[in-house]
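The next block holds one structure in the form of structure tokens; read it before the comments.
Just so you know, all these numbers are worked out from the coordinates, no wet-lab data involved. Since the model is a prediction, treat every value here as computed from it, not as a measurement. A quick note on method: Cβ atoms are made from the backbone with ideal geometry, for glycine too, and the neighbour counts reach across all protein chains shown.
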């Protein structure tokens, strides 16, 4: 777009070579704060189906882009002063479901190695889709989320309480659990995966299998699989010196 | 003696009208020597042309704009200028070899946001400040 190539006064214009063009493109990526070009995405069949995280992030993108356009517009609660939002879907899921001794739980593990060092976490959410439960009709459910701080093989793992949400067994939609408190551990153990464990109980304290409560895990359709989303505020990065 | 009350003089501001609008079709956008006066020009950075749309989800590119044009005295009616730039333009008239003109640069910038896949196929949204020129002026 824009006007054609301009001949700056005094210096002859010449075409950049292929290698120089690649260097210039790398500079543009660096100014935009983008990494080098990653591997191409999953095969078209898989990437054609809308996935939960990209759908959610696209909504955030439109919200952030409208913030960019209207200067001074009140930023959205979540977006606030975030410079960087990362979503994580690549996870391992483990169940202690029916047939095992109580309490039942569902555990999710996320690979956090992509989190750039030095970014301050301002908020982090675990999002899981819930459909109406056909087994617990009108009861009230308490969903609690813990971080698995240390797995112990001869006894219960060390857990760190993160959030509690109460909802009706018949409710449907995205359940958002606040896991911001877990981010302190990320920064300490950067290389470590994030382990999250989810319990469901009825009003009278009975443990319920999360699947029976209507909470969808990795087996759900792509657009309803659980994911983590994390909001960062960039540390005041110094002005870039052009290379 | 009781001094007659003086009507409060409206505070004189010696700033130019902070009018950061772009020159309208009736504004004289050509300086004294037919040179364009300092203003914002269209510049579109296309991720499509750069071949990055296989991993940048949105946008396809963005309007960055750029500033170009003369900062000659008297400054045009549509231009922003700091007081210092006005002073420098005046001294440049007296000593053109010793003091350069003020230069045309952004006076207001805004951010742009990019949504992309990282190498683990996670979806990332990044906001980069000071990537879009909103207004130009003389500095």
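Within 10 Å, count the other beta carbons around each residue, average over each peptide in B:125-132, B:80-87, B:42-49, and list them highest first.
B:125-132, B:80-87, B:42-49
How do A:174, A:105 rank when sorted from fewest to most other Cβ atoms within 10 Å of their own Cβ?
Least crowded to most crowded, the residues run A:174, A:105.
Which of A:94, A:197 comes first, and how do the rest follow, when ranked by fewest Cβ neighbours within 10 Å? Don't jump to the answer; show the numbers that get you there.
Values: A:94 14, A:197 19.
Ranked by crowding around the Cβ, least crowded first: A:94, A:197.
Quick check: from the Cα gyration tensor, does the range A:113-224 come out rounded (a/c under 1.5), prolate or oblate?
Note, shape of the range A:113-224 comes out prolate.
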